[in-house]
Structure formats: C-alpha cells, structure tokens
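The values are calculated or read from the model by the stated rules, or taken from the named source; none is laboratory data. The structure displayed is predicted, hence computed values, not measured ones. Quick reminder, even Gly has a Cβ in these numbers, built from the backbone with ideal geometry, and neighbours come from all protein chains shown. Quick note on the areas: whole protein, heavy atoms, side chains included, nothing else; ligands and nucleic acids left out. Shrake-Rupley method; radii C 1.70, N 1.55, O 1.52, S 1.80 Å.
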Amino acid sequence: MRVAVISPDRVLFDGDASSVVAPAFDGEVGILPRHAPMVTLLGKGVLRLDGGSRQFTVAGGFLQVADDTVRIITESATESSAGPTTG
C-alpha cells in the first residue's frame, strides 16, 4: 500500500509499506493493505512502517486510509532509528 508521512515543513516518507502501526489519540491502530477507509486523530508516539524497519516519532495530526493509501499528516515528526525489537 502507498504511505505518505507529512509534517508542516516536509514530506518525511512517500512510498510503499506492507504495514503501518500508528499512535492514535486513544491507542495504537494497525493498518494492512486493503484496510477499510477511515480517519483518526493521532496522539504522541512512534509510527512504525513495515514492522518497525522505519520509525517516526510523531505528535498530533491525523491519519487517513482511502483507496489502499495511508496519509499521515502530523504537527511534528522526526525519523527515529529502528532499534532491536523484543518479543
């Protein structure tokens, strides 16, 4: 699916991803290809693409899913390094 991560000053990511996990205002939301259309407010936290291979620290904004495209419009975002994950 197509994913765009956009902050007020630049586009941080615009490309394909197999999964998105985002910090919604009331908990995390997971998005996979062919997800139903939706819009949600973002909270503060880590946005993870492709199981965490790319990560962004985001604060505020919204997430929209439509036509197999995920748009994350955030008030503040920085790319963070993907550290090791523990299960």
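Table: residues versus (1) at pLDDT below 95; (2) open to solvent by 100 Å² or more (accessible area, probe 1.4 Å); (3) under 15 Å from Glu79 (Cβ atoms).
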site: Ala4; (1), (2), (3): no, no, yes
site: Ser19; (1), (2), (3): no, no, no
site: Ala22; (1), (2), (3): no, no, yes
site: Glu28; (1), (2), (3): no, yes, no
site: Arg34; (1), (2), (3): no, yes, no
site: Pro37; (1), (2), (3): no, yes, no
site: Arg48; (1), (2), (3): no, no, yes
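Quick one: which residue in Gly60, Gly52, Gly27, Gly15 is free of Cβ contacts under 8 Å to residues at least 60 places away in the same chain and under 11 Å from the mean Cα position of the chain (by Cα)?
Numbers: Gly60 fails: under 11 Å from the mean Cα position of the chain (by Cα); Gly27 fails: under 11 Å from the mean Cα position of the chain (by Cα); Gly15 fails: under 11 Å from the mean Cα position of the chain (by Cα).
Checking each option against the conditions leaves just Gly52.
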